[in-house]
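The values are calculated or read from the model by the stated rules, or taken from the named source; none is laboratory data. Source: prediction; values computed, not measured. Cβ placement follows ideal geometry from the backbone for every residue including glycine, while neighbour counts extend to all protein chains displayed.
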């Protein structure tokens, strides 16, 4: 059983806890993760099916086809439909992972119900997150990266605490304050694992391409299936790390408050 930490832990201990949470995942987690990645891939797959055949080696023709695809109502409609479904499933996966961390099972149906209830807040939070990070990236790049880090736990706080949008952002900023590099280090571990997994996918896809050809249906199918499997396996690990960071920083916050009262 995964217990909530009652005292601050080292980076290694927090990551070990995240791994234990990840190992505690079950069928409901993998169902949610697979559904999440299928929805995330839907607009891209639609674009590939509709517009990749029109691309050519001629740069001018390729740019014209790309411009046409970006102005396609069907593509935008697919994306607009996918976004709320994705956020419902993302909230559901957070609820499921948090249940594992807290030692109580949260079934897929129950988690999805949480996601549906929180959808309006998740939509607003996602919009604000994208706008804030994009503004920072446009300014000088570094502010965008920093602000993304300060809001890292906003989605977790919204689901775990059933908080409002502004409260979720404030909780994340408060927890990350003074611990930005600590959180970034923990997330970087998963990023490295993710990159290694994609390197393995690229090597396998390359081997298949040598046999069947780069544009062969078999090669494309293998590439897409392996990418989907990788994303499905990694998505719960990211959230397990976020949840572990959240509880670790919560315990640190409580410890700091206790010390302040004792002074």
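Scanning the range 111-134 for residues that are more than 22 Å from residue 150 (Cα to Cα), in contact with a helix residue (DSSP H, G or I) (Cβ under 7 Å, 6 or more places away or on another chain) and either free of Cβ contacts under 8 Å to residues at least 24 places away in the same chain or buried (at least 17 other Cβ atoms within 10 Å of the Cβ) (or both) yields a count of 4.
Looking across the range 207-222, the residues that are under 18 Å from residue 41 (Cα atoms) and surrounded by 13 or more Cβ atoms within 10 Å (Cβ to Cβ) come down to 219, 220, 222.
Just to be sure, is residue 94 crowded, with 17+ Cβ neighbours inside 10 Å, more than 25 Å from residue 46 (Cα to Cα) and modelled with pLDDT of 95 or more? Taking the combined requirement at face value, the residue satisfies it. Each residue in the range 201-243 was checked for being free of Cβ contacts under 8 Å to residues at least 12 places away in the same chain and farther than 18 Å from residue 38 by Cα, and 14 pass.
In a helix (DSSP H, G or I), within 24 Å of residue 42 (Cα to Cα), touching a helix residue (DSSP H, G or I) at 6+ places or on another chain (Cβ under 8 Å) and touching a residue at least 24 places away in the same chain (Cβ under 8 Å): is that true of residue 194 in this structure? So residue 194 passes the test.
Please verify whether residue 62 is more than 24 Å from the chain's Cα centre (by Cα), in a helix (DSSP H, G or I) and at pLDDT 65 or above, treating the condition exactly as stated. No. Figure legend. Inter-residue proximity from the range 135-162: first residues under 23 Å from residue 89 (Cα atoms), second residues exposed (fewer than 15 other Cβ atoms within 10 Å of the Cβ) and at pLDDT 95 or above, beta-carbon distance below 6 Å, spacing 6+ or different chains. Indicated pairs: 149/180.
Here residue 240 meets the list (1) modelled with pLDDT of 95 or more; (2) at positive phi almost entirely, failing just condition (2). Set side by side, the residues 225, 203, 158, 199 differ, and just one is part of a helix (DSSP H, G or I) and buried (at least 18 other Cβ atoms within 10 Å of the Cβ), which is 158.
For the range 93-110, filtering for residues that are touching a residue at least 40 places away in the same chain (Cβ under 8 Å) and farther than 24 Å from residue 15 by Cβ leaves 2.
Across the range 67-85, not a single residue is classified as assigned to a helix (DSSP H, G or I), in contact with a helix residue (DSSP H, G or I) (Cβ under 9 Å, 6 or more places away or on another chain), at pLDDT 90 or above and buried (at least 19 other Cβ atoms within 10 Å of the Cβ).
Between 21, 39, 11, which is at pLDDT 90 or above, buried (at least 16 other Cβ atoms within 10 Å of the Cβ) and either in contact with a strand residue (DSSP E or B) (Cβ under 7 Å, 6 or more places away or on another chain) or closer than 30 Å to residue 252 by Cα (or both)? Before the answer, list the steps.
Numbers: 39 fails: either in contact with a strand residue (DSSP E or B) (Cβ under 7 Å, 6 or more places away or on another chain) or closer than 30 Å to residue 252 by Cα (or both); 11 fails: buried (at least 16 other Cβ atoms within 10 Å of the Cβ).
The unique qualifying residue is 21.
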